[in-house]
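Notes follow the structure.
The values are calculated or read from the model by the stated rules, or taken from the named source; none is laboratory data. Bear in mind that the values here come from a model prediction, so they are computed numbers and not experimental data. Please note: Cβ atoms are built from the backbone with ideal geometry, for glycine as well, and neighbour counts cover all protein chains shown.
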Amino acid sequence: MRMEMFVRALMRRDFNRAKGHLEKLMKLAGSDEWGRGYSRAVEGIMNALSDNDPDALIVRLIKENNREHAKELLEMYSELAAQEFRDEYEKGYYTAWAEFLKAYLSQKTLA
């Protein structure tokens, strides 16, 4: 639920509201290795979008509005998060991406 609110705020380019949701997501994730990986991912997503970084995966994905590519990425990040040999930081990082993409794809209209 919180991730969906974060995504909606980002899609509206309401970065002040997105920052509030980001802070709550980071608090929920915790400060262990998994939580630090998760936090790093959501911070990176928000920073790339607020800076409109043309080299960032998320900026390109949203500009292209390519649902199929987003679904492929969701599958890939979900698989990476589930791999047992990954350390907790990586699992948190990939989980955040998977949750973000799932929430992104659930939006009725994409950017």
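For (1) touching a Phe, Trp or Tyr at 6+ places or on another chain (Cβ under 7 Å); (2) of a type outside the set (Lys, Arg), each residue gets a yes or a no:
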site: PHE15; (1), (2): no, yes
site: GLU43; (1), (2): no, yes
site: GLU64; (1), (2): no, yes
site: ARG67; (1), (2): no, no
site: GLY92; (1), (2): yes, yes
site: THR95; (1), (2): yes, yes
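Look at SER78 and say whether it is more than 21 Å from ALA9 (Cβ to Cβ) and either among the β-branched types (Val, Ile, Thr) or at pLDDT 95 or above (or both). Lay out the reasoning, then the answer.
Working: more than 21 Å from ALA9 (Cβ to Cβ): yes; either among the β-branched types (Val, Ile, Thr) or at pLDDT 95 or above (or both): yes.
For SER78, the condition - more than 21 Å from ALA9 (Cβ to Cβ) and either among the β-branched types (Val, Ile, Thr) or at pLDDT 95 or above (or both) - is met.
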Is it the case that ARG36 is in contact with a helix residue (DSSP H, G or I) (Cβ under 7 Å, 6 or more places away or on another chain), at pLDDT 95 or above and of a type in the set (D, E, K, R)?
yes
- Message: Looking at the structure I just gave you, is SER78 within 15 Å of the chain's Cα centre (by Cα), surrounded by 15 or more Cβ atoms within 10 Å (Cβ to Cβ), within 14 Å of ALA103 (Cα to Cα) and of a type in the set (Gly, Ala, Ser)?
- Response: yes
When (1) in contact with a Leu (Cβ under 6 Å, 6 or more places away or on another chain); (2) more than 26 Å from ARG17 (Cα to Cα) are applied to LEU49, the one that fails is (2)
